[in-house]
Amino acid sequence: MTELGWTSVADLARLIGTKQVSPVEVVRACLDRITALDGTLRTFITVCAEPALQAAHAALARVLAGETLGPLDGVPIGLKDLFDTAGVRTTAGSRILADRVPGTDATVVTRLTGAGAIVLGKLNMHEFAYGPLGRNAHYGDTVNPWDAGRPRVPGGSSSGSGAAVAAGLVPAALGSDTGGSIRMPASLCGVTGLKPTYGRVSRAGVLPLAWTMDHVGPMARTAEDCALLLGAMAGYDPADASTSVLPVPDYARALSGSIAGVRVGVLRQGFLDASAADVAAGVEAAARMLQSLGAKTDDAAIEQMEHVPAAAFAIVASEALAYHAGWLKSRPADYQPDVRERLQAAAFVTGAQYVRAQQTRALIRDAVDEALRHRDLLLAPATPITAPALDETHADIRGERVSVTAAMIRLTRPFNLSGHPVCAVPCGFTAEGLPIGMQIIGRPFDEVTVLRVADAYQRATDWHRRRPPLAS
């Protein structure tokens with residue numbers, strides 16, 4: 001297998017554009033890695049080998065003719081299997097939709113392929129995106145490539161996206177994030193994942209979990225790669241009324257490498273002090289690195305954090321049940337047990353509780369805005385623990401025994417409620433070789449600053465360049 005599996009989106013685009021490498025060669029290298037490794041990792045539900053090779057030959061013809069489509073021409077990507085793809089089944093990781101073949105592409109798929117990206121296939125996920133661990137009873141559990149001696153959780157629900165990028169099966173992938181489903185697998189798998197501002201990216205043609213909490217974003221090895229994908233994806237879409245009409249910046253061009261004077265608030269209360277010691281130490285070291293690069297740091301706090309779990313549960317559960325009510329009555333046995341139980345529990349959320357949760361959500365959004373009033377960014381761990389084994393149900397965090405499921409979403413879901421942009425970036429490893437991730441939180445629609453700081457940090461560190469043992 002060639003080194004092309006480890007080449008970034010930005011470098012692949014440059015190599016293809018300068019005719020140093022063929023898009024056909026790149027796609028074949030990815031397909032070879034999928035053949036060799038995915039029997040163990042189980043990151044893909046559907047591999048689109050022949051269509052991808054056909055698209056690669058078309059991209060090669062454009063390159064040779066000097067007529068490339070855009071900055072991603074010839075670069076392969078993977079899609080979490082809840083993005084509609086015309087003529088290719090979109091299962092949402094479920095048995096219920098196992099044979100569903102959409103007639104049209106999701107808006108973001110249209111935009112990415114319009115920029116020349118090549119879809120390699122559809123990636124595994126927690127069924128219907130309703131779970132933080134990435135378990136799937138129908139298509140097999142995705143295995144974290146940072147195995148460290150025993151099969152480990154990749155994070156969910158975008159489990160296949162995180163693990164496939166981490167293992168070099170695909171240079172970039174799309175995920176969705178309702179409670180942290182981009183940032184959790186990015187953290188546990190040691191890759192970069194961006195949850196844009198709510199409304200920055202269209203969700204038309206994306207199967208929903210909770211309409212008012214769902215976000216769509218890219219996952220890749222670097223912030224630069226995420227910037228390239230976001231630039232192609234973002235912008236108003238008349239098919240999604242929640243999208244913003246604000247203009248889309250050139251995110252990649254804004255990555256100057258300079259962060260002098262950027263004000264960063266470090267979230268300790270409820271974030272660092274609620275994380276395992278090795279995770280907190282990794283984020284503290286990252287804060288010091290940002291200081292050395294010219295950023296100004298201080299301690300920050302977010303009020304209303306104690307209300308996040310109840311508000312997030314009431315909103316997600318109610319909206320998920322609204323979507324699934326028919327199937328839950330007619331096909332309950334076709335759901336995997338944990339997803340079925342979550343949907344059934346949603347029936348006990350009252351309309352009044354849902355309204356109160358949305359009111360509480362506004363308070364949390366205001367609290368995040370207040371923390372950012374005199375700062376450009378906030379810094380926090382992405383997950384309070386590193387990747388647990390697949391069979392672990394509880395974790396110890398500073399002497400507190402907590403559910404792995406509850407721990408996983410503890411630090412990410414506040415920013416689904418608030419809608420702020422967040423980038424998860426690898427910032428270290430534990431003694432046993434497991435990735436540690438941090439999240440960089442920005443002001444609404446200021447993905448430029450979020451990505452600029454993430455990129456500057458990655459220029460100064462090499463955590464994102466390390467390769468997992470199951471994929472080297």
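Just checking: which of the helices (runs of 4 or more DSSP H) contained wholly in the stretch 1-114 hold 2 or more residues that are more than 22 Å from the chain's Cα centre (by Cα)?
Details: elements: 9-17, 23-41, 49-65, 107-114.
It comes to 9-17, 23-41, 49-65.
Going by the structure shown, is Tyr139 among the aromatic types (Phe, Trp, Tyr), touching a Gly at 6+ places or on another chain (Cβ under 7 Å) and open to solvent by 10 Å² or more (accessible area, probe 1.4 Å)? Show your work before the answer.
Details: among the aromatic types (Phe, Trp, Tyr): yes; touching a Gly at 6+ places or on another chain (Cβ under 7 Å): yes; open to solvent by 10 Å² or more (accessible area, probe 1.4 Å): yes.
Criteria met by Tyr139.
Between residues in the stretch 346-362 that are in contact (Cβ under 8 Å) with a residue 24 or more places away in the chain and residues that are assigned to a loop (DSSP other than H, G, I, E, B), which pairs lie under 8 Å by C-beta distance while being six or more apart or on different chains?
Partner pairs satisfying both residue conditions: Gln358/Thr212; Thr360/Gln304.
Residues to consider are Ser202, Ser187, Ser161; find the one that is open to solvent by less than 10 Å² (accessible area, probe 1.4 Å), part of a loop (DSSP other than H, G, I, E, B) and touching a residue at least 12 places away in the same chain (Cβ under 8 Å).
After applying the criteria, what remains is Ser202.
Quick check on Ala387: is it at pLDDT 95 or above and either buried (at least 24 other Cβ atoms within 10 Å of the Cβ) or of a type in the set (S, T, N, Q) (or both)?
Working: at pLDDT 95 or above: yes; either buried (at least 24 other Cβ atoms within 10 Å of the Cβ) or of a type in the set (S, T, N, Q) (or both): yes.
Criteria met by Ala387.
Return yes when Ala29 is surrounded by 18 or more Cβ atoms within 10 Å (Cβ to Cβ) and free of Cβ contacts under 8 Å to residues at least 60 places away in the same chain and no when it is not.
Numbers: surrounded by 18 or more Cβ atoms within 10 Å (Cβ to Cβ): yes; free of Cβ contacts under 8 Å to residues at least 60 places away in the same chain: yes.
Answer is yes for this residue.
With a cut-off of at least 3 residues that are under 22 Å from Val153 (Cβ atoms), name the helices (runs of 4 or more DSSP H) lying wholly within the stretch 307-396.
Numbers: elements: 308-330, 337-345, 351-371.
Helices (runs of 4 or more DSSP H) meeting the threshold: 308-330, 337-345.
Regarding Ile77, is this residue free of Cβ contacts under 8 Å to residues at least 60 places away in the same chain and buried (at least 20 other Cβ atoms within 10 Å of the Cβ)? Even if it seems obvious, please write down each step before you answer.
Values: free of Cβ contacts under 8 Å to residues at least 60 places away in the same chain: no; buried (at least 20 other Cβ atoms within 10 Å of the Cβ): yes.
Judged against the criteria, Ile77 is not a match.
When you go through (1) closer than 19 Å to Gly116 by Cβ; (2) open to solvent by 10 Å² or more (accessible area, probe 1.4 Å) one by one for Ser244, which number turns out not to apply?
Going through (1) closer than 19 Å to Gly116 by Cβ; (2) open to solvent by 10 Å² or more (accessible area, probe 1.4 Å) one by one, Ser244 breaks only (1).
Mind checking which residues of the stretch 115-142 are outside any helix (DSSP H, G or I) and charged (D, E, K, R)?
The initial filter retains those residues of the stretch 115-142 that are outside any helix (DSSP H, G or I), namely 115-126, 130-142.
Residues satisfying the conditions are Lys122, Arg135, Asp141.
The values are calculated or read from the model by the stated rules, or taken from the named source; none is laboratory data. On a predicted model such as this, the values are computed, not experimentally measured, just so you know. Positions of Cβ are generated from backbone atoms using ideal geometry, with glycine treated the same way; all protein chains shown enter the neighbour counts. In case anyone asks, the SASA skips ligands and DNA or RNA and just uses the protein heavy atoms, side chains included. Shrake-Rupley method; radii C 1.70, N 1.55, O 1.52, S 1.80 Å.
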